[in-house]
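J.: Here you go, one structure.
The values are calculated or read from the model by the stated rules, or taken from the named source; none is laboratory data. Bear in mind the structure is a predicted one, so any value in this text is a computation, not a measurement. Cβ sites come from the backbone with ideal geometry, for glycine too, and all protein chains shown count toward neighbours.
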Amino acid sequence: MSGLMSGSVDDGDEAVARDMERRRFVQLLGMGGLVFAAGPSGIRRLGRLAETAVPVDPFSPHAYIALREDGTVTITCHRSEMGQGIRTTMPMIIADEMEADWARCRVEQAVGDERKYGSQNTDGSTSIRLFLTKYREAGATVRALLEHAAAKQWGTDVSEVRARQHTVIHERSGRSLSFGALVATARSLPMPEKTSVRVKSPSERRWQGKKMPSIDLVPMTTGTAIYGADVRLPGMKVAVIAHPPVWGGRVRSFDARAALRVPGVEKVLHIPEPPLPAGYNTVGGLAVVARNTWAAIQGRAALRIVWDDGPHASYDSVAYRAELEASVRKPGTAGRVVGNVEEALASAPRTLEREYYMPHLSHAQMEPVVAIAQAVNGTVEVWAPTQSPQDARGTVAKYLGTDESKVTVHVTLLGGAFGRKSKPDYICEAAWLSREVGVPVRVQWTREDDLRNSYYHTVAAHRLEAGFDGNGTVTAWRHRVAYPAIDAIFAQDVEGPGPDDLTNGASDIPYAIPNIRVEVCPAVAHTRIGWYRSVNAIHHGFAIGSFIDELAVESKKDPAKYLLDLLGPDRVVDLSKDGLVAPASNYGGTWTDYPLDTGRARRVVELAIEKSGWGTPLPSGRGRGIAMHRSFLTYVAMVVEVDVAADGTVSVPRATVATDAGFVANPDRARSQMEGAVIMGMSNTLYSEISFRNGRVVQSNYPSYPVTRMRTAPHTVDVHLVESEALPGGIGEPAVPPSAAAICNAIWDATGVRIRQLPVGRQLAGARARTTDPDGQDR
Amino acid sequence: MISFSVNGTRRSFDGDPAMPLLWYLRDDLELTGTRYGCGVGSCGACTVHLDGRAVRACQTKMSELTGKEVTTIEGLHPHGEHPLQIAWREIDVPQCGYCQSGQIMKAAELLRSTPHPTDRQIDNAMNGNICRCGTYPRIRGAIKLAAEKRS
Ligand code: FES
Ligand code: FES
């Protein structure tokens, strides 16, 4: 971190003193990184944090910012940390605007309180794109307040003073006052008028837009980081739950005698199964409460349960796929209409129809879901890895029939989440069980529970039809898609997503095609569907990116050049006025703030082409593929290089990712998200599949639900971020959607095998690598 | 009664000898740096050293510990400054961080036996440790950096 401090060192002695101070605080930041606000005193594991405690009564001029007279600045992070680095980036933006010394800032994690902090729902790649301005204004407001306080103490005009690295300076007289020394005066002042608050200009920024190392690096590399299962409460029990294996199933009868004979097992409780669709609530089941985790796991294994499987007992992925495919072969509800696609298809010199299929996925985040709750004396206190403490708070309150004010949700670090932990079902379980047994309870899901009781990424079938001429120019584009909707967890008889779901890169495509019709076709859910990193943009991106590559091949064009041609001339389009059927959502942004800018799409494609060495020769067995997708208001193009071994194993030696996400606050964390997205994209494309038989999930653990491992993972992920001051787009999700198509297009380039259903799995086992033929004449 | 040591402290255990070491470390000793990821030996999140060899704590029964020395991530280096831990921080490897205890423990075994591993040796050694966040390229880089710095 020392590199950041270069602007603030004064003379020799002071520099040494400051350096020591800095190291002390860096240590606080590192070791005490995860400080829980106002936990009960009996939490042993958190005891060591007491040494970091500073005197009470801090001055909190803003919900995110507190100052103490010893100069400590505490920044409260209200968003959940799940690997994207928000616990570093958010405080860094505020400290920068505030002119605070980073070494004297500490970070606390907010409890769930939406009214105080604004939305805490950490999903949709929103932390920066919804809050950048708010963070900047918060920091700048407190900087202005401290400047006013100094001006008041000196009796000067505020225009003559300025804050610089934890000090306010009066340049003319050479006087200065530290932030800590200004706290008393600042307390008595009104907050500065909005008009007197000035957010920094780009040249004044110290850290925004530059690499800032994560504040959690020391705990994460020494095993001291606190995740969901790591909090310890006195007298805490551990519960492992047998959930109904079928969505909507219930316990018909059970025999717990053997379970209760397992040493350490204390109780078996029946958590009531709610009526479907159950929303965020637990699906219920039998909970084994024990003195430790091992006893609970063994007790659960010893339960004998007869289930009533309920209405989804026949859910079968093979049969369901046929249903989805039948659905997309009939007209659906239009989400975008431009021109007259029927006529254009009928009159086109050539047409191409293709279908694509993508199965359910599960997040398989490394930390299985887990929650700790203490529901005694009418209050509920929760510690959990949750993406949405506000939803957790509201859902738990409702579930237990109590008021939100009685529920406190502390957020631990999340050992991965990817959307799974935005649903608080497991937190409801811990709260309910703690209330029943009268002591704190940790609900521990096993990996098998996690994979078999997830809120799954949807399963999707696509049918694409294009009309084009001899030059490959596309004149007609008809796209039909069917998949069960997330809405089905909240309401019965949902017939599939609304047309609005298509604005995940299906109806809002950036291509210059005069006749477009995008339709959504019916599909009823038979399991819990939920958000999974990048959501519907994953299968939209796979189908569209693959189809464009197929059109390029049919037209005998280079796929990269074809993609650029299809984008057409640069246009800035308000799609709500260009055929999108209302409500035409735009990831929560307005079409005015975030129009579709095809020039940005073109630039990322060009950048990926240039940086990847597109077109240069590759050894036999290797191939390159390209795809581009706009999602979460960010434009990502990707060139992936694959190596297909003789046995059909695919590895990705190299990927080039070009991203235009507007202003990027912490580029290194953005890069790491892009790297991770390529690797998660590989899992989605090559390995992973959740399938159902008799209503039950077939897979159970990583051996049957493979994800990317070191051997096939890229050696190089070149990430190129377009430098920009434009409004920020998302970072965590947008690089996943183009990855599946880029990989499959590269597989085609390497082998001549076109992948139209995921995962690739063993589909290439018999494929032989192509030896020659770079332009696709003779497959 | 089973006697062994953990991070240099002598311990004894008279509970279920079939209990995996993972739950003993996490529940009994509160050494929560050793993580639970799969419980079936497939993810490496629970990797610890047993007499210097990397093993999966979820697949190691308490009965196998007699006379053995267990080292967890908390005991890898007294000040958390093993060359790998330093390299991990320099390259900013972790995303969510959950898998990283296991990654570092596995990499520490690799570097002890192979001070200058090739890419292939790294891939083979680390293939059993899943990182769902996808930090593999940085893990490779950090292992190489630590190896370079040592020489
Ligand atoms: S938890 Fe032991 S290998 Fe996964
Ligand atoms: S850093 Fe999240 S699983 Fe590896």
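J.: Check residue B:55 against each of (1) surrounded by fewer than 18 Cβ atoms within 10 Å (Cβ to Cβ); (2) within 12 Å of the chain's Cα centre (by Cα); (3) assigned by TED's automatic domain parsing to the domain that holds residue B:35 and name the one condition it does not meet.
T.: Just one mismatch for residue B:55, condition (1).
J.: I want to confirm something. Restricting to the range A:101-122 and keeping residues that are of a type in the set (Ser, Thr, Tyr) and surrounded by fewer than 24 Cβ atoms within 10 Å (Cβ to Cβ), which single residue is farthest from residue A:731 (Cα to Cα)?
T.: Checked the range A:101-122; the qualifying residue farthest from residue A:731 (Cα to Cα) is A:117.
J.: Could you list all residues from the range B:44-65 that are touching a residue at least 40 places away in the same chain (Cβ under 8 Å), among the β-branched types (Val, Ile, Thr) and away from ligand 2 (no atom under 16 Å from the Cβ)?
T.: B:48, B:60
J.: Another question, then. Which condition number does residue A:92 fail, the rest of (1) within 14 Å of chain B (Cβ to nearest Cβ); (2) in contact (Cβ under 8 Å) with a residue 60 or more places away in the chain; (3) farther than 18 Å from residue A:179 by Cα being met?
T.: (3)
J.: Oh, and also: Looking at (1) within 7 Å of chain A (Cβ to nearest Cβ); (2) surrounded by 23 or more Cβ atoms within 10 Å (Cβ to Cβ); (3) within 14 Å of ligand 1 (Cβ to nearest atom), find the lone condition where residue B:88 falls short.
T.: With respect to (1) within 7 Å of chain A (Cβ to nearest Cβ); (2) surrounded by 23 or more Cβ atoms within 10 Å (Cβ to Cβ); (3) within 14 Å of ligand 1 (Cβ to nearest atom), residue B:88 is out only on (3).
J.: Residues being more than 21 Å from the chain's Cα centre (by Cα), surrounded by 20 or more Cβ atoms within 10 Å (Cβ to Cβ) and closer than 17 Å to residue A:450 by Cβ: count how many of those fall in the range A:684-695.
T.: Matching residues across the range A:684-695 total 1.
J.: Residues that are within 14 Å of chain B (Cβ to nearest Cβ) and in contact with a strand residue (DSSP E or B) (Cβ under 6 Å, 6 or more places away or on another chain): which strands (runs of 3 or more DSSP E) entirely in the range A:312-406 hold 2 or more of them?
T.: Fully inside the range A:312-406 and qualifying: A:370-376.
J.: Among residues belonging to the range B:50-65 that are part of a helix (DSSP H, G or I) and within 14 Å of another protein chain (Cβ to nearest Cβ), point out the one that is nearest to ligand 1 (Cβ to nearest atom).
T.: My answer is B:58.
J.: Any residue in the range B:22-43 that's more than 22 Å from residue A:417 (Cβ to Cβ) and modelled with pLDDT of 95 or more: show its pairings with residues that are away from ligand 1 (no atom under 11 Å from the Cβ) and charged (D, E, K, R) at Cβ separation under 8 Å, as long as the two are six or more apart or on different chains.
T.: B:29/B:11; B:30/A:44; B:30/A:45; B:30/A:232; B:31/B:74
J.: Still on this model: Could you list, in sequence order, the residues of the range A:497-535 that are buried (at least 24 other Cβ atoms within 10 Å of the Cβ) and of a type in the set (Ser, Thr, Tyr)?
T.: Passing the criteria: A:503, A:507, A:527, A:532, A:534.
J.: Just to verify a result, which residue in the range A:294-311, among those that are free of Cβ contacts under 8 Å to residues at least 60 places away in the same chain and part of a helix (DSSP H, G or I), is surrounded by the fewest Cβ atoms within 10 Å (Cβ to Cβ)?
T.: Among those that are free of Cβ contacts under 8 Å to residues at least 60 places away in the same chain and part of a helix (DSSP H, G or I), it is A:301.
J.: Further question: How many residues are without any contact (Cβ under 8 Å) to a residue 24 or more places away in the chain, away from ligand 1 (no atom under 16 Å from the Cβ) and either more than 7 Å from chain A (Cβ to nearest Cβ) or small (Gly, Ala, Ser) (or both) if we restrict to the range B:120-139?
T.: Residues meeting the conditions: 4.
J.: So the check is Cβ under 9 Å with 6+ separation or different chains; which pairs have a first residue in the range A:717-728 that's of a type in the set (Ser, Thr, Tyr) and a second one that's in a strand (DSSP E or B) and buried (at least 19 other Cβ atoms within 10 Å of the Cβ)?
T.: Every condition considered, the pairs that remain are A:724/A:660.
J.: Which numbered condition in (1) away from every other protein chain (no Cβ under 14 Å); (2) buried (at least 24 other Cβ atoms within 10 Å of the Cβ); (3) under 30 Å from residue A:682 (Cβ atoms) is the only one that residue A:432 fails?
T.: (3)
J.: When you scan the range A:132-139, do you find a residue that is farther than 15 Å from residue A:199 by Cβ and in contact with a His (Cβ under 9 Å, 6 or more places away or on another chain), even just one?
T.: Filtering the range A:132-139 for residues farther than 15 Å from residue A:199 by Cβ gives none.
No, the range A:132-139 contains no residue that is farther than 15 Å from residue A:199 by Cβ and in contact with a His (Cβ under 9 Å, 6 or more places away or on another chain).
J.: Report whether or not residue A:765 is surrounded by fewer than 22 Cβ atoms within 10 Å (Cβ to Cβ) and more than 25 Å from the chain's Cα centre (by Cα). Steps first, please.
T.: Values: surrounded by fewer than 22 Cβ atoms within 10 Å (Cβ to Cβ): yes; more than 25 Å from the chain's Cα centre (by Cα): yes.
Criteria met by residue A:765.
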